[in-house]
Amino acid sequence: MNILVTGGAGFIGSNFVRYFLEKYPAYSIINLDKLTYAGNLENLSDLQGEPRHRFVCGDIGDSDLVTQLSEECDAIIHFAAETHVDRSIVDPEAFIQTNVLGTHVLLEASRKHAHRLFLHISTDEVYGSCPEGDFTEDDRLNPSSPYSASKAGSDLLVASYHKTYGLPAIITRCSNNYGPFQFPEKLIPLMISNALENKPLPIYGDGLNIRDWLYVLDHCEAIDRVFHQGTAGEIYNIGAEGGKTNLDIVKFVLNTLEKPTSLIQYVKDRPAHDRRYAVNPKKIKDELGWQPQYSIETALEETIQWYCHHPDWWKRIKSGAYRHMYEKIYGASL
Ligand code: NAD
Ligand code: DAU
């Protein structure tokens, strides 16, 4: 089987491409990625010379390119997106362009080429903040940021292509991921790398916002199950059912690295900052037999070690992209 993976040079996409090629020797992947600030070919350097992996640098919004690549493929797994909430607040346009319009281009190509599956990788953020309990797949969409609104828009488009055209499409909605190769603008890699450099760790608001952290390889396994056993037209929540406050996470990082809590610096809160995310993953557990394999304590410790052992990777990145954006939002430098 030949699969078109979009966004495979980003954090989750690159972990997934590696996982899938290793697990399924009969599969080939065409990896379409625009290499935005978040895309990085270094994330795939160990796949150099792998004949089953073909990298194509291009935009999912380029319909001629997408149509041509789609002809060669049996299915699409769609990761490509603008993904950082803070960036969507500063400049939403690219989010609408890629997440909504880009997804539409892929849907059209998938319909034309009668792919066996269009797997859309979405997020728990589309449900908005969850004051108590957890969200099931039937709960209403209530996004707070331009990022989550653009993802919600793409989810609705995907669902409409299933209903209207019978496109065999599935949507997954996962909680916060962490692991190797995550761009150091996101909470965990930012805090690890800042702590390693003895720089302040900026905590938004009171630090008591809650996120449900899932190790990236658990997410990859969930996508694998949905790809092979999921039912077209369905939505599957993916989560670890273990909320932690941002302060819990930051203190764990500081403790592991034996750094002082005085590095913590409270800064202005994110506008429309969702207080808590929580999804109910009962459906994927009961119907597809998925269970997370990694505990946060073990996998977060391993993740911290990965960043300790790959300073060149994150230092190259932090020297440019992130600092500029942080200064634009907070008017202060890190
Ligand atoms: P990322 O920002 O690390 O990577 C995104 C990738 O998409 C990059 O390689 C980038 O170059 C590529 N890309 C962006 N615009 C493109 C375009 N127009 N054409 C082609 N490629 C383009 O993102 P991530 O954290 O790996 O997230 C991947 C997917 O998973 C996203 O759809 C995101 O919404 C979803 N998701 C992420 C998380 C998380 O915690 N990171 C959780 C749930 C869902
Ligand atoms: O829930 C899934 C989503 O998780 C994905 O869809 C998004 O693509 C991904 O970016 C992530 O969104 P969050 O906004 O939850 O992740 P982020 O790492 O930006 O922030 C996590 C929490 O930490 C959030 O409450 C904001 C806070 N935070 C973040 C940063 C970057 C800080 O306190 N300080 C920071 O510097």
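The values are calculated or read from the model by the stated rules, or taken from the named source; none is laboratory data. Owing to the predicted nature of the structure, the values given are computational and were not obtained by experimental measurement. Every residue, glycine among them, receives a Cβ derived from its backbone with ideal geometry; neighbour counts consider all protein chains shown. All accessible areas refer to the heavy atoms of the entire protein, side chains included, with ligands and DNA or RNA removed. Shrake-Rupley method; radii C 1.70, N 1.55, O 1.52, S 1.80 Å.
Tell me, how many Å apart are the Cα centres for region 107-136 and for region 220-258?
For region 107-136 versus region 220-258, the Cα centre distance is 16 Å.
Can you list the residues, at least 5 places off or on another chain, whose amide H is less than 5 Å from the amide H of N2, using H built in the peptide plane?
Residues meeting the amide H criterion: S28, D74.
Give me the percent of accessible area attributable to carbon and sulfur for region 38-151, probe 1.4 angstrom.
46
Name the residues whose placed amide hydrogens come within less than 5 Å of the amide hydrogen of Y236, ignoring near sequence neighbours (fewer than 5 apart) on the same chain.
Amide H neighbours of Y236, under 5 Å, 5+ apart: I171, T172, R173.
How large is the dipole of the chain about the Cα centre if only Lys and Arg carry +1 and Asp and Glu carry -1, each at its Cβ, rounded to the nearest 20 debye?
380
Can you compute the modelled spin-label distance between L208 and C308, with each label point 7 Å from Cα toward Cβ, in nm?
3.2
Going out from 0 in 10 Å bins, what whole percent of all Cα-Cα distances in the chain drops into each bin?
Calculated P(r), rounded to whole percents: 6, 26, 37, 24, 7, 0.
Check region 187-303 and count each lysine pair with an alpha-carbon distance under 26 angstrom, considering only pairs eight or more places apart or from different chains.
Here the count comes out as 12.
Please compute the per residue accessible area over the chain with all protein chains in place, 1.4 Å probe, rounded to a whole number of Å².
41
Taking amide H positions as placed 1.01 Å from N in the peptide plane, with prolines and chain starts having none, which residues 5 or more places from L201, or on another chain, fall under 5 Å of its amide H?
Answer set, sorted by chain and number: I264, Q265.
How do 63-73, 216-226, 288-298 rank on mean C-beta neighbours within 10 Å, highest first?
216-226, 63-73, 288-298
Place the peptides 305-317, 178-190 in order of packing, highest mean first, counting for every residue the other Cβ atoms within 10 Å and averaging per peptide.
By packing density, highest mean first, the sequence is 178-190, 305-317.
How much length, in nm to one decimal, is gained on full extension between K23 and A94, taken as 0.36 nm per residue of separation minus their Cα-Cα distance?
Once the chain is fully extended between K23 and A94, it gains 22.2 nm.
Can you give the FRET efficiency for N142 and E301, using 1/(1 + (r/R0)^6), R0 = 35 Å, r = Cβ-Cβ distance, to the nearest 0.05?
It comes to 0.50.
Set the Förster distance to 22 Å, then compute FRET efficiency between D46 and L257 from the Cβ-Cβ distance, nearest 0.05.
The pair D46/L257 has a calculated efficiency of 0.25.
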